Amino acid sequence: MLLITVGFSACEKDSTEANSERKYILGRWTVNKVDVTTSGVTTSTNYTSSDFIEFKDNDADELVVKLGADQTSGTYIILDNDKFNVTMGSKLLYCVTDNITETSFQFTGTTTQSGTEVKETYYLTR
């Protein structure tokens, strides 16, 4: 019985932590800058106030990303207190929250393209 109780408590905590992270990231964030690092070389792209990432609060956990003239939809899933995955088009990013407050959000997503690890760091505000 003790093991069952501990097991349920652990699952409940993970669910609470995931819901806490979800609560913080929901809504529309302005994308200020994205740093892309490939093979140790970082390229930075600055964006304008019309560029955004929106984490929608619906059953499908939809995501809308507008960067420049491109707009992509996708999904997100909260895995743990500071980890989540984002699917945008054919790209899957394994993300870690670097910093989040009510007005700023920075996360780094990792993906593999043609056998090379690529890190994308997003700097968002609202």
Practice task
Hey, can you tell me all the residues within the stretch 97-115 that are over 15 Å from Arg22 (Cβ atoms) and buried (at least 16 other Cβ atoms within 10 Å of the Cβ)?
Solution key: Gln106, Thr108, Gly109, Thr111
Practice task
May I ask you to verify whether Lys91 is at pLDDT below 95 and surrounded by 10 or more Cβ atoms within 10 Å (Cβ to Cβ)?
Solution key: yes
Exercise for the section: Mind listing whichever residues of the stretch 35-52 are free of Cβ contacts under 8 Å to residues at least 12 places away in the same chain and either closer than 19 Å to Ser114 by Cα or not in a loop (DSSP other than H, G, I, E, B) (or both)? Expected result: Gly40, Val41, Thr42, Thr43, Ser44
Handout entry: Unique residue being loosely packed, with under 12 Cβ neighbours inside 10 Å and β-branched (Val, Ile, Thr) when the list is Thr30, Thr42
Key = Thr42
Fill in the blank from the handout: By residue number, the members of the stretch 27-54 that are under 18 Å from the mean Cα position of the chain (by Cα) and either modelled with pLDDT under 95 or on the phi > 0 side of the Ramachandran plot (or both) are Gly27
Problem - Of the criteria (1) under 15 Å from the mean Cα position of the chain (by Cα); (2) more than 16 Å from Gly27 (Cβ to Cβ); (3) part of a loop (DSSP other than H, G, I, E, B), which one Asp57 fails - result: (2)
Practice task
Looking only at the stretch 97-104, decide whether some residue is assigned to a strand (DSSP E or B), modelled with pLDDT of 95 or more, within 20 Å of Arg126 (Cα to Cα) and small (Gly, Ala, Ser).
Solution key: yes
Completion exercise
Exactly one of Thr42, Thr72 is in contact with a Leu (Cβ under 9 Å, 6 or more places away or on another chain) and not acidic (Asp, Glu), and that one is Thr72
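The values are calculated or read from the model by the stated rules, or taken from the named source; none is laboratory data. What you are looking at is a predicted structure, and each value in this text was computed from that prediction instead of being measured. When we count neighbours, we look across all protein chains shown, and the Cβ atoms used for this are built from the backbone with ideal geometry, even at glycine.
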